[in-house]
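The values are calculated or read from the model by the stated rules, or taken from the named source; none is laboratory data. Note that this is a predicted model, so its numbers are computed, not measured. Positions of Cβ are generated from backbone atoms using ideal geometry, with glycine treated the same way; all protein chains shown enter the neighbour counts.
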Amino acid sequence: MSDITAAFYKSVQRTDDVYSFLFKPAENFGFIPGQFLQVIFDEENRNNKELNKYISLSCAPGKEFIEITKKMSGSKFSQRLRSLKQDDKVLINGPMGKCTFKKDAGKIGFIVGGIGITPVISILEHVSNTKIECDIHLIYGNWNEKQIAFKSDMDLWEQGAVNKLKVTHVIAEPDPEDGVFIKGFITDEIVKKYMPDYKERMMCIFGPPKMVAAMKEICINIGCSKDKIESESFIGY
């Protein structure tokens with residue numbers, strides 16, 4: 001884990017308020033799919049939590065550019081990201097995180113909500129690029145269909161680019177317009193009904209601390225073994 005300078009390349013809009021930001025590192029930046037890094041705008045005060053934040057990588061390793069994705073807000077950090085111009089230099093530190101892709105995991109189950117999808121995208125793109133044999137089921141919760149980030153990518157991967165990928169979308173409101181989406185919130189019953197082989201899977205959970213705690217409780221309540229539950233909380237995201 002070390003500091004590296006990266007040059008901003010461009011941003012990509014994913015939803016109304018979710019944007020990806022692409023950077024070209026000044027040197028090789030290797031990472032394991034699922035890891036995160038720290039973006040440092042205030043180099044003099046590393047403890048400045050308003051301008052120095054941890055954020056997940058939303059791309060596979062081995063590419064010319066690295067990508068991070070964030071739900072934008074009125075925060076100083078979001079404002080600094082929005083103000084970046086091509087070739088602006090940014091300091092990054094990393095990679096970090098232990099809840100990562102393990103190709104020998106066999107069957108994997110992801111339970112994520114909202115922007116918690118970013119490390120999963122890193123993993124799915126890696127699996128697609130490397131053609132690794134892997135059985136993955138993703139349960140992805142959002143408030144409505146418009147908030148589903150990376151939906152076109154997931155649709156493509158589910159259609160065959162990723163071997164044995166199933167995505168279950170859970171939408172809170174309004175009523176889903178077709179049978180592609182499940183109405184409601186992620187609950188014990190949703191997981192048991194739509195991922196019936198959950199006990200056979202390594203369950204991975206990403207998101208804010210409260211969401212991660214709630215999803216871990218669901219996994220424990222339905223009988224998942226604690227040694228088959230991994231998680232990563234997005235603190236100060």
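Examine the range 69-85 for a residue that is assigned to a loop (DSSP other than H, G, I, E, B) and touching a helix residue (DSSP H, G or I) at 6+ places or on another chain (Cβ under 8 Å), and state whether such a residue exists. Working first, answer last.
Pass one, the range 69-85, residues assigned to a loop (DSSP other than H, G, I, E, B): 72-75, 84-85.
Within this subset, residues satisfying the condition of being touching a helix residue (DSSP H, G or I) at 6+ places or on another chain (Cβ under 8 Å) are 72.
Yes, the conditions are met somewhere in the range 69-85.
Of the residues N221, N163, which is surrounded by fewer than 15 Cβ atoms within 10 Å (Cβ to Cβ), at pLDDT 95 or above and polar (S, T, N, Q)?
Working: N163 fails: at pLDDT 95 or above.
Residue meeting the stated conditions: N221.
How do the pairs read when you match residues in the range 34-56 that are more than 18 Å from D88 (Cβ to Cβ) with residues anywhere that are loosely packed, with under 13 Cβ neighbours inside 10 Å and aliphatic (A, V, I, L, M), using Cβ under 8 Å and keeping only pairs 6 or more apart or on different chains?
Going by the 8 Å Cβ cut-off, the qualifying pairs are Y54/I235.
Considering only residues that are among the polar types (S, T, N, Q) and assigned to a loop (DSSP other than H, G, I, E, B), which ones fall in the range 51-68? Steps first, answer last, please.
From the range 51-68, those among the polar types (S, T, N, Q) are 52, 56, 58; that's our starting set.
Of everything in the range 51-68, just one residue is among the polar types (S, T, N, Q) and assigned to a loop (DSSP other than H, G, I, E, B), namely S58.
Can you name every one of the helices (runs of 4 or more DSSP H) wholly within the range 107-223 that holds 1 or more residues which are within 14 Å of the chain's Cα centre (by Cα)?
Values: elements: 118-130, 151-156, 188-194, 209-221.
Counting at least 1 such residues, we get 118-130, 151-156, 209-221.
Could you tell me whether the range 77-97 includes any residue that is closer than 24 Å to K228 by Cβ, in contact with an Asp or Glu (Cβ under 8 Å, 6 or more places away or on another chain) and touching a residue at least 60 places away in the same chain (Cβ under 8 Å)?
yes
When only residues in the range 18-35 that are within 12 Å of P61 (Cα to Cα) and among the hydrophobic types (A, V, I, L, M, F, W, C) count, which is farthest from the chain's Cα centre (by Cα)?
F29
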